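S.K.: Structure in structure tokens, see below.
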Amino acid sequence: LYVIDHLNKDEEIGEYPVKIVGASDMKEKFAFITDPRLAIILSRDYNELQTLDPGNSTKSVIVLSGGILEGLLIDALVLTETLTFSDVCKNELKKIIDKALEKGIITEDRLSHAIRNYRNLVHPGREIKDNVIFSVSDATIAKAAVDIFIREVKSWSSTKKSEMAIEVPLESISEDQR
């Protein structure tokens, strides 16, 4: 990605402050993301997630994991060309996950819905109202699940982009090229 290729540490792009440690690793990890804004956010959040210990930052690990999952799926759903960025963002994470499962972007729904169930931890009132209980084990699973989702979305994205590259209308090919 152009944006990440040209980042310096602590550089700001628009409204998105960026501080990437190991920028080349992050660039490669999220090179399949088509929206440069999401690539920056996902790189930043993933980098932060890697610094967190589920035992000491249980809630933070769970919330960041859910945000990363959401960002991955937003980008992939836009790539399906059936939804716009704005359309996808209007949905709750549950619907985003369901659409991603329906389109084969991800295959593991138990992990995605488990992460989704904890997303309301960011709202203290909802945490109390819904009596959300979580542990270090939940955070450990959420953190590990992020890498599984990155792998699944990256694989799907690669296949989708290959399909898009070979989908050339016959009319656009001249007689000489046929």
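S.K.: Quickly work out the E163-to-K95 label distance, labels modelled 7 Å from Cα along the C-beta direction, and quote it in nm with one decimal.
M.R.: 2.3 nm
S.K.: Based only on Cα atoms, what Rg/Rh ratio does the range 30-138 have, Rh being taken as Kirkwood's radius?
M.R.: A ratio of 0.97.
S.K.: A follow-up question, please. Would you please state which residues of the range 45-88 a label at E108 would reach in this model, taking the label point 7 Å out along Cα→Cβ and a backbone N cut-off of under 16 Å?
M.R.: Once the point is set 7 Å along Cα→Cβ of E108, 62, 65-70, 72-73 turn out to lie under 16 Å by backbone N, inside the range 45-88.
Each value in this text was obtained by applying a stated rule to the coordinates, not by laboratory testing. Keep in mind that this is a model prediction, so the values were computed, not measured. Reconstructed Cβ throughout: ideal geometry from the backbone, glycine too, with neighbour counts over all protein chains shown.
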